[in-house]
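Accompanying notes for the structure given below.
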Amino acid sequence: MADTNAHLARAPRRKRRIRWSGVLLHGTIIFFCLVILVPIAWVLLLSIKSLRDAYTGTLWPEHFDFTHYAYVFVHMPQALRNFANSIIVTLSTVVITSIIAVLAGYALVHLRTPGRAVVFTVLVATLFFPTRLVSLIGIFQIQNSLHLINTLPGLILPYVTLNLALSIMIMRGIFEQISPEMVDAAHIDGASSWRTLREILLPLATNGIVVLVIINFVSAWGEYLLAVTLTNDQSVRTFPVVLVTTFGGFGEWAFPRVAAMYIMAITPGILTFAFAQRWYMKGLMEGALKL
Amino acid sequence: MQVRLRDWGNWVYLIPGLFFFLVYMAYPILKVSWISFTDYQYLSRVPAKFVGLKNFIDVLADPIFRTGMLRAATFTAIFLPGVIFIPLLVAVLVDRVKNPKVSTVYRLILLIPAVIPGAMIFVLWRWLYDYEIGPINVILVNYLHLFTARNAPQWVGVSNLAVPAVAFVEIWWGLGYHTMFFLAGLAAIPGEIFEAARVDGANEWQMFWHVTVPRLRPILLILVVLRFGTAMAVIDDFLIMGGLNRAMPTYTWTVYMWHLAFQIGNWPQGYAAAIGWLGAAAMLVVVAALFWVFRNRD
């Protein structure tokens, strides 16, 4: 963070201006922060409302009811199964994509790989092409002929490509920040290219890998289009897709319970982010944002 | 540089990526290209026939496709300025916050939507926009009494509000992430430039237009082009928030393609493939035009 503000520290402060400029500055930013926080706070509130209060036209409930989360765990095994599906699909996607991106980024930056320029051009081109949309029908047909419709691997395999190009570009940006001399030195010392990657480059690329994990986590965890196209059996669907398809609102799927499930669905991402934010922010600034 | 045989061995590191690229990107796209020239219908038992350009000609004359393209363009026209200028404004403001702790807190809050997955964002806003139980209408009707339960706004329905409402959701989702892009760009501008401009008597507004914006040009270009592409091809929002009603302003060409390929009749995937390709081609033309407009004139 310090780097980001470094130039401000050096610049002469526009101090002793009328105080309201500061008020206006923080006021505007806080306004945008509220625009972001209030909707999420509303769902959180809904998830602890009593069933009756959830259907009246008031925002603040008369009675709180904190049992909706427990209800989901105890009485809705199907939802838990969907949650487990989401975890399996997301973890697999994140691990596979990150490994691919690290290996490819390494080959594109620090190794004399023939055809690097071509690979790079193709990667950039896929970013500007609506790949996901155009390939959708083809992916459905492939998974169908491989009998992977309504299976978890059938989701994981195409999920890897969702952010594949972006992930490789991010790792490329991160590796470019590491001086080639270090890699050359390791080579001269006789280290194999694999050992150089593992022992020299990986420890330096931690921040970038955190960015990879978070970006791929978010897109795999909440992917909808492929999931709804490649699965129609509720028991193999991922959690967010089930939430989308069951906007009922009564009985078992009463609003506060769905809201509780909603909070369960967004918490893993927010927790991961809260835990890893230091590395994430550094990674973004280090090169992940330099396409 | 002479390419040695041994260097080809480094391709070992690219093979995993290549596998996924070929099997789940290149091959499906080629396959879609092929079936777009046939009358392939997924549920039909009749073998597909090669029909040449018939699908493409029919799609171009198809009023639903044309309306769909127009709707996607409307969405893009609202979304694109919002997702560029609002984060730019926020970034310039956050960049001025001198206290590093406060600045970090702002950044973290702004980034929260970036870690909420897409489908969850749209589910959330489907609730917020809901006609009866949605808190927006609850506030408008029960608290502010601006509307009654009968004439409250139908945010995502068959009305002119639908497209701006969905565009707002996308802007909300992208706000923090794009702000980070601009903050990274701002951090790279040397402070001396602002100092010099100030000494020359430039005011904040002039510095923004003559120092900040030109310096951020590369980032602006890449974001405008990338977001244009994503905006024209948006589908998840429209499926989740708008559904499959053709009268809805959210029924764009992408929804039409999906609807035909996986829901309607015998699933005419050949025809749907042609829709996908024509939409993509139209986008690519505009992307090329944008690159030409933004080309480096120096």
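The values are calculated or read from the model by the stated rules, or taken from the named source; none is laboratory data. Quick caveat: nothing in here was measured; it's all calculated off a predicted structure. Counting neighbours? That spans all protein chains shown, and the Cβs are built from the backbone with ideal geometry, glycine included.
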Among the numbered criteria (1) farther than 27 Å from A:Asn163 by Cβ; (2) part of a loop (DSSP other than H, G, I, E, B), which one does B:Thr250 miss? (1)
Quick check on the stretch A:104-126: of everything there that is in contact (Cβ under 8 Å) with a residue 60 or more places away in the chain and facing chain B (nearest Cβ under 7 Å), which residue is nearest to the chain's Cα centre (by Cα)? A:Ala104
With respect to B:Ile133, is the statement that it is in contact with a helix residue (DSSP H, G or I) (Cβ under 9 Å, 6 or more places away or on another chain) and part of a helix (DSSP H, G or I) true? no
Counting only residues that are more than 7 Å from chain A (Cβ to nearest Cβ) and not in a helix (DSSP H, G or I), the stretch B:107-121 contains a total of 0
Taking the stretch B:1-34 and keeping residues loosely packed, with under 14 Cβ neighbours inside 10 Å and at the interface with another protein chain (Cβ under 7 Å from one of its Cβ atoms) leaves B:Val3, B:Trp8
When you look at B:Trp258, is it buried (at least 16 other Cβ atoms within 10 Å of the Cβ), touching a residue at least 60 places away in the same chain (Cβ under 8 Å), closer than 24 Å to B:Ile171 by Cβ and not aliphatic (A, V, I, L, M), yes or no? no
Selected residue (only one of A:Leu243, A:Leu197, A:Leu201 is within 10 Å of another protein chain (Cβ to nearest Cβ), surrounded by 17 or more Cβ atoms within 10 Å (Cβ to Cβ) and farther than 27 Å from B:Trp125 by Cα): A:Leu197
In the stretch A:5-57, which residue that is among the hydroxyl-bearing types (Ser, Thr, Tyr) and outside any helix (DSSP H, G or I) is modelled with the highest pLDDT? A:Ser47
From (1) within 12 Å of chain B (Cβ to nearest Cβ); (2) under 29 Å from B:His145 (Cα atoms); (3) surrounded by fewer than 16 Cβ atoms within 10 Å (Cβ to Cβ); (4) of a type outside the set (A, V, I, L, M), pick out the condition that doesn't hold for A:Glu62. (1)
Evaluation of B:Asn55 against (1) in contact with a strand residue (DSSP E or B) (Cβ under 9 Å, 6 or more places away or on another chain); (2) within 25 Å of B:Trp155 (Cα to Cα) (one fails), failing number: (2)
Yes or no: the stretch B:142-157 includes at least one residue that is within 12 Å of chain A (Cβ to nearest Cβ), in contact with a Lys or Arg (Cβ under 9 Å, 6 or more places away or on another chain) and crowded, with 16+ Cβ neighbours inside 10 Å. no
Selection from the stretch B:176-195 of residues that are touching a residue at least 24 places away in the same chain (Cβ under 8 Å) and outside any helix (DSSP H, G or I): B:Ala188, B:Ile189
Report yes if some residue within the stretch B:42-57 is facing chain A (nearest Cβ under 7 Å), at pLDDT 90 or above and surrounded by 15 or more Cβ atoms within 10 Å (Cβ to Cβ); otherwise report no. no
Would you check if there is a residue in the stretch A:132-145 being touching a residue at least 12 places away in the same chain (Cβ under 8 Å) and over 23 Å from the mean Cα position of the chain (by Cα)? yes
Among the residues that make up the stretch B:31-41, is at least one of them of a type outside the set (Lys, Arg), touching a residue at least 40 places away in the same chain (Cβ under 8 Å), farther than 20 Å from B:Ala280 by Cβ and in a loop (DSSP other than H, G, I, E, B)? yes
